[in-house]
Amino acid sequence: MSDFASNIAKADAYLARFRKDGVLNHIGGAAVPALDGTTFETISPADLKPLARVAHGKAADIAAAAAVAKAAFPAWRAMDGDARKALLHKIADAIEARAEEIALVEAMDTGQSLRFMAKAALRGAENFRYFADLAPTARDGQTLRAKGQVNMTSRSPIGPVGIITPWNTPFMLSTWKIAPALAAGCTVVHKPAEFSPLTARLLVEIAESAGLPAGVWNLVNGLGEDAGRALTEHPDIKAIGFVGESRTGSMIMKQGADTLKRVHFELGGKNPVIVFADADLERAADAATFMIYSLNGERCTSSSRLLVEATIYDRFTAMVADRARRIVVGHPLDPKTVVGPLIHPVHEAKVLDYIAIGQAEGATVAAGGAKLAGLAGCYVQPTLFTGAHNAMRIAQEEIFGPVLTAIPFADEAEALHIANDVQYGLTGYLWTSDVTRAFRFTDALEAGMIWVNSENVRHLPAPFGGVKTSGIGRDGAEWSFEFCMGTKNLAFATTRHHIPKLDS
Ligand code: NAD
């Protein structure tokens with residue numbers, strides 16, 4: 001049996017339980033259907049065939065999950081930090097033990113190629129280990145001395161938090177948001193994306209099999225406008241950690257206003273990769289190609305605008321076009337596949353619309369530009385637009401697919417102007433061998449994260465997040481705890497200081 005055929009057979013075996021039992025919610029340690037018994041269907045983007053019926057949770061299911069998360073909070077908060085650390089490491093072990101299952105299910109559910117999803121479990125486990133190690137010190141604070149006074153700060157978990165995740169790499173993103181909340185001592189209600197709900201179900205099961213007490217982590221599937229909305233409006237949910245589109249973030253902020261919800265947003269991007277003529281062009285071309293086409297271009301940090309110095313524009317875009325044409329597009333479980341199918345026909349239609357818009361706007365398709373013929377799923381060719389300018393919609397709007405828009409610039413000032421002339425500010429990638437320019441340019445570039453002479457390489461202790469409409473708040477290390485914890489200040493008098501008398 002070929003590796004491809006064997007992957008299909010193994011995936012089928014792992015998916016059988018979902019086909020049989022559906023994807024249930026998980027509340028108070030029990031797998032449960034939606035309270036009103038309704039379900040919705042989820043399909044695989046690989047072949048558009050149904051994968052499972054999913055519990056269609058709504059406000060009542062969110063209320064049940066929030067009540068359980070509230071009840072579980074005091075005991076979870078009271079657990080010693082070392083005990084939480086040990087438990088989160090056990091969850092990481094349990095994730096690693098099911099790495100193959102997670103990879104195959106995630107690939108079939110999202111369309112992300114197995115080549116990338118093979119590491120999904122390892123990255124998820126790494127997130128748990130990283131925050132596990134911080135659990136014992138998460139509540140530590142500072143000592144601030146003043147005349148006649150010592151101030152001591154400490155942090156405590158804010159309460160039950162709601163986590164809302166998108167469909168692109170759901171397993172990794174869910175661990176990235178949920179692990180710090182648990183490490184801090186918060187309980188969780190998770191609402192995964194309706195297009196790819198399967199691995200969220202695996203994750204909560206894995207956590208409880210590793211010993212996580214019932215009720216600490218609850219899962220409600222459903223649509224954004226009902227389950228998602230109800231979560232953001234629920235008074236017992238103290239904060240919402242959200243990853244998704246910028247306009248959804250804006251809706252969540254409005255929905256959470258009545259309950260003064262604390263929010264943490266990781267939103268969309270239209271990230272520039274800026275290539276100067278003095279860069280190592282081979283490496284820059286590899287990195288630019290990787291950052292737009294890996295993960296099917298369904299990646300918030302993708303370098304979707306390629307800004308190239310005019311003197312090398314034709315040569316460099318030809319290098320990228322050549323690389324794009326050689327990328328293997330195919331079934332996510334085929335070991336040869338680099339780019340898999342887009343998540344859903346609705347999203348595929350959006351990406352294909354943008355390809356048509358780019359052509360109508362006068363840009364040139366230098367590579368790709370069409371749906372792949374002969375395959376049943378949502379397969380779109382890696383596409384490069386040249387001859388584009390920054391006012392075009394394909395340069396301004398997040399396409400969230402394998403579509404790159406290449407724009408020439410005359411000099412550094414113009415490069416900076418184009419790079420900053422978008423609503424987003426998530427990441428930037430700069431390629432130059434001039435270190436002084438790199439400092440000057442990155443200082444002025446409007447982005448939360450910038451990589452110089454590199455593709456996106458994550459370092460967990462470093463802050464992750466965006467500026468402008470790309471987000472509010474940061475993840476990573478202390479930044480994650482700032483979101484799900486509150487700081488308390490204790491002030492002790494150290495002298496018998498004068499206390500004002502009002503009754504002279
Ligand atoms: P989306 O905003 O449509 O949905 C994300 C989640 O929000 C889903 O679970 C959805 O059900 C829920 N939702 C929708 N409407 C809601 C509402 N009114 N109230 C509460 N919840 C609601 O995003 P998507 O299409 O699933 O994901 C793609 C987007 O995510 C892109 O914009 C991408 O850039 C972004 N993203 C950002 C990051 C980051 O770290 N910045 C990472 C991954 C993806």
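Can you confirm whether the range 151-158 contains a residue that is modelled with pLDDT of 95 or more, more than 16 Å from the ligand (Cβ to nearest atom), over 13 Å from the mean Cα position of the chain (by Cα) and part of a loop (DSSP other than H, G, I, E, B)? There is at least one residue in the range 151-158 that is modelled with pLDDT of 95 or more, more than 16 Å from the ligand (Cβ to nearest atom), over 13 Å from the mean Cα position of the chain (by Cα) and part of a loop (DSSP other than H, G, I, E, B).
So that you can scan it fast, the table gives a plain yes or no per residue for (1) more than 26 Å from the chain's Cα centre (by Cα); (2) of a type in the set (S, T, N, Q):
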site	(1), (2)
Ser44	no, yes
Pro50	no, no
Ala55	no, no
Ala64	yes, no
Ala71	yes, no
Asp80	yes, no
Ala83	yes, no
Arg98	no, no
Ala103	no, no
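If you scan the range 149-194, which residues turn out to be surrounded by fewer than 24 Cβ atoms within 10 Å (Cβ to Cβ), hydroxyl-bearing (Ser, Thr, Tyr) and touching a Ser or Thr at 6+ places or on another chain (Cβ under 8 Å)? The answer is Thr153, Ser154. The listed residues are Gly465, Gly448, Gly428, Gly476, and the only one of them that is within 16 Å of the ligand (Cβ to nearest atom), in the same structural domain as Pro180 (by TED's automatic domain parsing) and open to solvent by less than 40 Å² (accessible area, probe 1.4 Å) turns out to be Gly476. Residues in the range 205-219 that are open to solvent by 30 Å² or more (accessible area, probe 1.4 Å) and not in a helix (DSSP H, G or I) were compared, and the one that is farthest from the ligand (Cβ to nearest atom) is Gly211. Could you grab me the full set of residues in the range 333-383 that are of a type in the set (Val, Ile, Thr), outside any loop (DSSP other than H, G, I, E, B) and closer than 16 Å to Tyr293 by Cβ? Answer for the range 333-383, where residues must be of a type in the set (Val, Ile, Thr), outside any loop (DSSP other than H, G, I, E, B) and closer than 16 Å to Tyr293 by Cβ: Val339, Val351, Ile355, Val365, Val380, Thr383.
Selection of the range 235-260 for residues being part of a loop (DSSP other than H, G, I, E, B), more than 11 Å from the ligand (Cβ to nearest atom) and open to solvent by less than 30 Å² (accessible area, probe 1.4 Å) yields only Ile237.
Taking residues in the range 181-193 that are closer than 17 Å to Gly228 by Cβ, and partners anywhere that are among the acidic types (Asp, Glu) and within 16 Å of the ligand (Cβ to nearest atom), not one pair has Cβ atoms closer than 9 Å while being at least 6 places apart or on different chains.
State which residue is most open to solvent (accessible area, probe 1.4 Å) when the search covers only the range 225-234 and only residues that are not hydrophobic (A, V, I, L, M, F, W, C) and not in a loop (DSSP other than H, G, I, E, B). Lay out the reasoning, then the answer.
Our first condition is that a residue be not hydrophobic (A, V, I, L, M, F, W, C); within the range 225-234, this holds for 225-226, 228-229, 232-234.
From what's left, not in a loop (DSSP other than H, G, I, E, B): 225-226, 228-229, 232-233.
Working: Glu225: 134, Asp226: 39, Gly228: 5, Arg229: 104, Thr232: 1, Glu233: 70 Å².
In this case the residue turns out to be Glu225.
Confirm whether Gly222 is within 9 Å of the ligand (Cβ to nearest atom), part of a loop (DSSP other than H, G, I, E, B) and not acidic (Asp, Glu). Taking the combined requirement at face value, the residue satisfies it.
The values are calculated or read from the model by the stated rules, or taken from the named source; none is laboratory data. Because the structure is a prediction, the values reported are computed rather than measured. Virtual Cβ from ideal backbone geometry, glycine too; neighbours counted across all protein chains shown. Surface accessibility is based on the protein's heavy atoms, side chains included, excluding ligands, DNA and RNA. Shrake-Rupley method; radii C 1.70, N 1.55, O 1.52, S 1.80 Å.
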